[in-house]
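Reviewing the structure listed below.
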Amino acid sequence: MQTETTILLYELAGPALIVPSQTGVRYRNQTGGHSCYQMELEGYLVPIAGDRIELVERLTAHFTGPKWGG
C-alpha cells in the first residue's frame with residue numbers, strides 16, 4: 001500500500017510547475033488571492049531556473065488585470 005505525502009508550498013521561493021502524475025506526493029498552496037483557496041495537485045515539482053525576475057513580471061502581467069477581475 002502506497003502512502004501519500006502532502007508538501008506545503010507556502011514558503012516556496014521562485015516559480016515552479018507541478019507536472020501531474022501518480023507519484024504519491026501532493027503539493028498544496030494557497031491560491032485565489034483574498035479567497036485563499038487551498039489547492040493541491042499530485043505530481044512532480046519542477047522549479048523554474050533562469051531570469052526569475054523577468055519571468056515573475058511576465059506571469060504577473062498575464063494573470064492580473066481586467067480579464068481576471070483584479
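Derivation of every value follows stated rules applied to the coordinates shown; laboratory data play no part. Computed from a predicted model, the values in this text were never measured in an experiment. As a convention, Cβ positions derive from the backbone with ideal geometry for all residues, glycine included, and neighbour counts pool all protein chains shown.
Between amide H atoms placed 1.01 Å from N, distances below 5 Å from residue 25 occur with 5, 43, all of them 5 or more places distant or on a separate chain. Put simply, region 5-64 fits an ellipsoid with semi-axes of 21, 16, 9 Å; these come from the alpha carbon gyration tensor as the roots of five times its eigenvalues, largest first.
Each residue of region 13-25 was assigned a 3J(HN,Hα) from its phi angle through the Karplus expression (A = 6.51, B = -1.76, C = 1.60, θ = phi - 60°), giving 9, x, x, 7, 10, 10, 8, x, 6, 7, 10, x, 10 Hz with x at Gly and Pro. Taking each DSSP H run with n ≥ 4 as -39500 (n - 2.57) and averaging over every residue of the chain yields -5500 deg cm²/dmol at 222 nm. Using only side-chain charges placed at the Cβ, +1 for Lys and Arg and -1 for Asp and Glu, the dipole size of region 5-64 relative to its Cα centre rounds to 120 debye. Of the residues 33, 5, 45, the one whose Cα sits farthest toward the positive end of the charge dipole of the chain, with +1 on the Cβ of Lys and Arg and -1 on the Cβ of Asp and Glu, is 33. A simple rule links phi to the HN-Hα coupling: the Karplus curve 6.51 cos²θ - 1.76 cosθ + 1.60 with θ = phi - 60°, which for region 52-63 gives 5, 4, 5, 5, 5, 4, 5, 5, 4, 4, 6, 9 Hz, with x for Gly and Pro.
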